[in-house]
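S.K.: Got a structure for you, written out below as structure tokens; questions coming shortly.
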Amino acid sequence: MSTLITNIAELMTQDAEHRVLRDAAVVIEGERISWLGPAADAPAADEAVDAGGRALLPGWVDSHTHLIFAGDRTAEFEARMAGQSYSAGGIAVTTGATRSTSDFDLTRLAMGRVAEAVSQGTTYLETKTGYGLDVENEARSARIASTVADEVTYLGAHLVPAGMDAEEYTELVCGPMLTAVRPYVRWADVFCEQGAFNEDQSRRVLQACKAAGLGLRVHGNQLGEGPGVRLAVEVGAASVDHVNYLSAADVDALAASWSGWDAAGGNGTRGTVATCLPACDLSTRQPLAPGRELLDAGVQLALASNCNPGTSYTSSMAFCVTTAVLQMRLSVHEAVRAATYGGALALGRESGNDVDGERAVGSIAVGHRADLHLLNAPSATHLAYRPGIPLTHAVWRAGLAQPVR
């Protein structure tokens, strides 16, 4: 079954050439893109969709979420808005609620959050464990996450549970807990921050997870300057996320990690992606991550929602893109790229082929997965030009049309 989408006013490919096509068309065949180019040259297909002069983007790739949770933290949010500072300790509130919720209800809640994200144009997303914080509940969270998300990250090192010794808990994360979650996860993460895990503990967690065959990510430099960015680069992490407080040395280290990468061609030695989480920055009243400085230094950037109950309860990638343009000084093209190709790069999904069965996401090119986001606007500029207006008109995920609210 093939589908021709034609009469596209602006097609922002986010491919290696950064092409933006006008009066364009795309053909979907199965789950892949089989053709794109000028609408006048489009081949025949089994069915046709008239885009009506709208803009077409790659689907959003949300590379940082925490969707496996139960409970409510509005009281904490209200307190923060009244002037109380954010600390990592609020995670414990969610842990209690999550542990006491059934598998069925945790799955139902997570599926609802994924559906909400997809209806707003997100077509590929990662989620983490981290609200179980014991062997049984981390394994349960990982198993449920593997049924609802495209990528699953082990975040047993989210917070040391109340009443546990930090060193003993770190050993648990590196040992029995890692063994229990390993069948369900591809990545591992650690909250390397004051009030969570120190540099030595974080390094031990990352080294153990790397030895177990997992890719690495780091929560770093969210609440102040610290070792997170430096550690992420040292261990070859795919991304370091938050990056609100960076020294010149941190920026230099991230930039140096990309020195062997051909940014134009999208090949070479990968570095560590800096993932900015602007919705979280606004909710916690932290300084926005220095996205402009990072891009200008040659760092590959991603934008993600950080959807979670405590600090960023939104799955709106469009909101993150809008904020990046209006307040972080990214261009529309740069922000959209960070929210599509950048997220794919952070998840190691920017390339793929028919042989390995892992098609590239985050860009529109022949052979890539047909993850498409049609805006109810003639150009992507409207995402920032009309802030707060829901602009998703249609979504295709792996070639299948999705419900849009």
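The values are calculated or read from the model by the stated rules, or taken from the named source; none is laboratory data. Computed from a prediction, not measured in an experiment: that's the story for all the values here. Cβ atoms come from the backbone with ideal geometry, glycine included; neighbour counts cover every protein chain shown. For the accessible areas, the whole protein counts, side chains as well, though only heavy atoms, and no ligand, DNA or RNA atoms are used. Shrake-Rupley method; radii C 1.70, N 1.55, O 1.52, S 1.80 Å.
S.K.: Be a star and scan region 89-120 for residues whose amide nitrogen sits under 19 Å from the point 7 Å along the Cα-to-Cβ vector of residue 166.
M.R.: 89-93
S.K.: Give the percent of DSSP beta bridges with both residues in the chain that are antiparallel, rounded to the nearest 5.
M.R.: The answer is about 45 percent antiparallel.
S.K.: Moving on to the next point. In debye, nearest 20: dipole of region 85-133 around its Cα centre with unit charges on the Cβ of K, R (+) and D, E (-)?
M.R.: The calculation lands at about 80 debye.
S.K.: Given that compact globular proteins tend to follow 2.2 N^0.38 Å, what is the ratio of the alpha-carbon Rg of region 164-218 to that value?
M.R.: Scaled against compact globular proteins, the figure is 1.05.
S.K.: Another question, if that's okay. Fully extended, how many nm does the chain gain between residue 331 and residue 7 (0.36 nm per residue separation, minus their Cα-Cα distance)?
M.R.: Additional length available on full extension: 114.1 nm.
S.K.: Sort 288-298, 93-103 by packing, meaning the average of other beta carbons within 10 Å per residue, with the highest value first.
M.R.: 288-298, 93-103
S.K.: To continue, here is another question. For the chain, what is the mean residue ellipticity at 222 nm derived from helices alone (per DSSP H run of n ≥ 4: -39500 (n - 2.57); sum divided by total residues; nearest 500 deg cm²/dmol)?
M.R.: Calculated mean residue ellipticity at 222 nm is -9500 deg cm²/dmol.
S.K.: Name the residue from 152, 379, 13 whose Cα lies farthest towards the positive end of the charge dipole of the chain, charges +1 on Cβ of Lys and Arg and -1 on Cβ of Asp and Glu.
M.R.: Result: 379, furthest along the dipole toward the positive end.
S.K.: Also, quick follow-up: Using a probe radius of 1.4 Å on heavy atoms only, what accessible surface per residue do you get for region 70-129? Whole Å² is fine.
M.R.: Per residue, region 70-129 has 43 Å² of solvent-accessible surface.
S.K.: For the pair residue 147 and residue 20, how long in nm is the line joining their label points, each one 7 Å along Cα→Cβ?
M.R.: A separation of 4.4 nm, rounded to one decimal place.
S.K.: If amide H atoms are built 1.01 Å from N in the plane of the peptide, which residues on other chains or at least 5 residues away come under 5 Å of the amide H of residue 305?
M.R.: Under 5 Å from the amide H of residue 305: 63, 64.
S.K.: Additional query: Provide the net charge surrounding residue 300, with neighbours chosen by a C-beta distance below 10 Å and charges set as Lys +1, Arg +1, Asp -1, Glu -1.
M.R.: Overall, the nearby charge balance is +1.
S.K.: Separate question: I need the Kirkwood Rh of the chain: take the reciprocal of the average 1/r across all distinct C-alpha pairs and report it in angstrom.
M.R.: One over the average 1/r among Cα pairs gives 21.2 Å for the chain.
S.K.: What number results when the radius of gyration of region 1-140, computed over Cα atoms, is divided by 2.2 N^0.38 Å?
M.R.: 1.50
S.K.: So between residue 74 and residue 104, what do we pick up on full extension, going 0.36 nm a residue minus the alpha carbon distance?
M.R.: Extra length from residue 74 to residue 104 when fully extended: 8.4 nm.
S.K.: When the dipole is taken about the Cα centre of region 172-291, and only Lys, Arg (+1) and Asp, Glu (-1) are charged at their Cβ, what size is it in debye, to the nearest 20?
M.R.: Using only the charged Cβ atoms, the result is roughly 440 debye.
S.K.: Sort out for me the Cα centre separation of region 235-252 from region 273-302, rounded to whole Å.
M.R.: 10
S.K.: Okay, next question. Going by Cα centres, region 80-126 and region 128-203 are how many Å apart?
M.R.: 16
S.K.: I would also like to ask the following. From the backbone phi of region 17-32, what are the Karplus-calculated ³J(HN,Hα) couplings (6.51 cos²θ - 1.76 cosθ + 1.60, θ = phi - 60°) in whole Hz, Gly and Pro given as x?
M.R.: Once θ is set to phi - 60°, the couplings for region 17-32 become 8, 6, 6, 10, 9, 10, 6, 10, 8, 9, 10, 9, 10, x, 9, 10 Hz.
S.K.: Subtracting the Cα-Cα distance from 0.36 nm times the residue separation, let me have the gained length for residue 212 to residue 262 in nm, one decimal.
M.R.: 15.0 nm
S.K.: On a 1.4 Å probe surface of the protein chains, which of 134, 62 comes out largest in accessible area, and what is the full order?
M.R.: 134, 62
S.K.: Which distance in nm do the two modelled labels at residue 97 and residue 285 give, with both placed 7 Å along the Cα-to-Cβ direction?
M.R.: Here the answer is 2.2 nm between the modelled labels.
S.K.: With all protein chains present, how much of the accessible area of region 127-199 (probe radius 1.4 Å) comes from carbon and sulfur, to the nearest whole percent?
M.R.: Roughly 50 percent, rounded to a whole number.
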